[in-house]
Every structure is written in C-alpha cells, then in structure tokens.
Amino acid sequence: MKQVRELDAIDRRLLALLQEDATISHAELAERVGASAASCWRRIKLLESSGYLTKTVRLVDATLVGRGVNVLCNVRMASHAKESRDAFEQFVRSQPEIVECFSMSGDWDYLLRIVVADVVGYNTYLMRQLLSEPTVAGASSHFALGLVKHTTAVPV
C-alpha cells in the first residue's frame, strides 16, 4: 500500500509544473520551485513512490489521428449483479474507442467518452460493439459540438 504523506508548497509546485510539461528538466524545475536539482529529483521519486505521480505519457491530438468526434454515452446495465458489472468493465477496458468510463449515480449506470472519426463510425461502433455487449440494456448518446476546456491537470 502506498503511504500518503503531507504535501508542502514545493511538492505542490512540482506537481503543478509536471502536469503542464513532464519533459521539463530537473534543473529547470529546481529553478522554478526554488530548490536544488538533487532535491527536486528526490522529491519526484518520493512523489512517484507515494502514488501522487503515476505514469508519464504524451498527449495525442485526436483530430489529427482521425478520432475528432467525442461522444458522451450514458449506459444502462441489464443487471446490477457483480458479475455483470465486472464483465461490462472488462469490456470497457478492451475497447480503445472508449477513452473514459465513469460509474454513475442516478438514472444511468455508466458514462462513457467515446472517440470516433465521424457519426457513421459511431453508429457502426454503437450497433456492432456497445449494444451487442450482453450486459448493456440501453444507451443514450450525446455528440460534443465543440471543446470548451480539456485538461488532464488536477488542481493541487
């Protein structure tokens, strides 16, 4: 189990900076947070081992790779049994088109963000994949018309 520890001001500045640009050098980080490069390196390693920092990735422009349509899809389960939920969640993890999945309270059981090339592509995905999944009783789709804000950064 990861040990949760109290974050100080330098830790918080490091987290904020690394969320903006994970390729920034330790020397640049040190200059921007007012600490030594060695201290920054040690702090980053501790933030990683404590679970505050997870994997490092590069973000891809979805439009440039032909996945510029975002669909928010509410899903209702056929059954709420643990086996059904587990099977659905395994299905979700196996689908590259589903980039986010939230278990929800309220009228719908899950909210998915699905990225596709176009409306025809989504219709094909919906009919051949999502609605063919035995654990799914129904779905309601909403197409995003534009992107007002997108960030992966968490306020620290």
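The values are calculated or read from the model by the stated rules, or taken from the named source; none is laboratory data. This one's a predicted model, so the numbers in the text were calculated from it and none came from an experiment. Here the Cβ is made from the backbone with ideal geometry for all residues, glycine too, and neighbour counts use every protein chain on show. When the accessible area is computed, the model is the full protein with side chains, heavy atoms only, and any ligands, DNA or RNA have been set aside. Shrake-Rupley method; radii C 1.70, N 1.55, O 1.52, S 1.80 Å.
Structure above, values below:
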read-out	value
Qualifying residue in the stretch 70-89 (condition: of a type outside the set (S, T, N, Q), open to solvent by 80 Å² or more (accessible area, probe 1.4 Å) and within 15 Å of the chain's Cα centre (by Cα))	no
The listed residue being under 30 Å from residue 47 (Cα atoms), at pLDDT 95 or above, buried (at least 17 other Cβ atoms within 10 Å of the Cβ) and hydrophobic (A, V, I, L, M, F, W, C), out of 98, 114	98
Residue within the stretch 133-151 that is more than 11 Å from residue 76 (Cα to Cα), part of a loop (DSSP other than H, G, I, E, B) and of a type in the set (Val, Ile, Thr) present	yes
Matching residues, the stretch 103-129, being under 17 Å from residue 77 (Cα atoms), within 16 Å of the chain's Cα centre (by Cα), outside any loop (DSSP other than H, G, I, E, B) and not polar (S, T, N, Q)	110, 111, 112, 113
Count - residues of the stretch 7-30 that are touching a Ser or Thr at 6+ places or on another chain (Cβ under 8 Å) and in a loop (DSSP other than H, G, I, E, B)	1
Residue ID - surrounded by the most Cβ atoms within 10 Å (Cβ to Cβ), chosen from residues in the stretch 2-41 that are farther than 23 Å from residue 59 by Cα and touching a residue at least 40 places away in the same chain (Cβ under 8 Å)	11
Test: residue 54 is farther than 30 Å from residue 121 by Cβ, under 17 Å from the mean Cα position of the chain (by Cα) and loosely packed, with under 11 Cβ neighbours inside 10 Å	yes
